[in-house]
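Below is one structure; the comments refer to it alone.
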Amino acid sequence: MKPSKKPADNPQKKSPKKIRNYLLAAGVVAAVVIVAAIFLTFQPSSPKESPKDEATRFQEAGALYTKSVDLANEGKNLTDQGKIQEAQESFQEALQDADEALALNATSLKALIQTQRSGVLVALGRYTDANAAADDALGMGGNLNTTFSIAWYNKGNALRALGNISEAEAAYAKAYELDKTLVPPDMSSDSTSSVHS
């Protein structure tokens with residue numbers, strides 16, 4: 001009888017079970033690498049942005065602010081011409097541009113943009129929102145007398161339209177204190193009660 005030969009273990013030949021384990025391990029490693037790559041690729045920008053990013057935001061916000069001012073001036077001219085519907089559309093576009101400028105978060109322009117928004121919101125008849133935008137502008141620090149004087153005047157317009165006459169008078173007085181060209185309007189025909197909000 002011939003002795004039975006055991007198949008010699010071939011170190012290069014692996015069992016299907018071992019191959020499956022290697023493939024599984026390789027798949028897990030590949031998945032981890034892919035997840036890490038996705039995580040690193042879509043990582044939000046770091047809190048310290050480069051000066052170029054800040055400068056770009058500033059330029060874009062400034063351009064939108066300028067466009068908003070131009071549209072608001074166009075709206076005023078259309079109102080003066082009696083073209084009320086066209087004026088309202090122009091004011092609405094001006095507000096949209098100001099909102100987009102504000103969303104860019106250019107810190108040094110926020111007070112200016114909020115002041116612009118407050119004036120446009122008054123023109124659109126959104127007096128409560130106009131008052132809030134003026135308050136936001138006035139709540140920002142800095143030596144911004146011109147911006148603050150206009151914000152106070154816009155606040156006065158909003159408060160006057162809301163029927164808060166004494167508060168409106170105080171806001172107009174503050175605007176005039178900061179800028180002598182912003183003469184308070186004649187409010188002698190306005191009611192002295194300040195009970196609308």
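Overview of results
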{"quantity": "Cβ-placed point charges (K, R +1; D, E -1), dipole of the range 52-142 about Cα centre in debye, nearest 20", "calculated": "160"}
{"quantity": "HN-Hα J in Hz across the range 82-96 - Karplus 6.51, -1.76, 1.60, θ = phi - 60°, x for Gly and Pro", "calculated": "x, 8, 5, 4, 5, 5, 4, 5, 5, 5, 5, 5, 4, 5, 4"}
{"quantity": "Across 110/180; 110/174; 83/174; 110/155, pairs whose alpha-carbon gap is larger than 22 Å", "calculated": "110/180; 83/174"}
{"quantity": "HN-Hα J in Hz across the range 70-75 - Karplus 6.51, -1.76, 1.60, θ = phi - 60°, x for Gly and Pro", "calculated": "4, 5, 5, 5, 4, x"}
{"quantity": "Under the Karplus curve 6.51 cos²θ - 1.76 cosθ + 1.60, θ = phi - 60°, whole-Hz ³J(HN,Hα) for the range 177-187, x wherever Gly or Pro sits", "calculated": "4, 7, 8, 5, 7, 8, 6, x, x, 6, 10"}
{"quantity": "Amide H partners (placed H, <5 Å) of residue 162, local residues excluded", "calculated": "none"}
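Each reported figure results from applying straightforward, stated rules to the coordinates on display, with no laboratory input. As the structure is a prediction and not an experimental result, all values here were calculated from the model. Every residue, glycine as well, gets a Cβ built from its backbone with ideal geometry; the counts of neighbours run over all protein chains shown.
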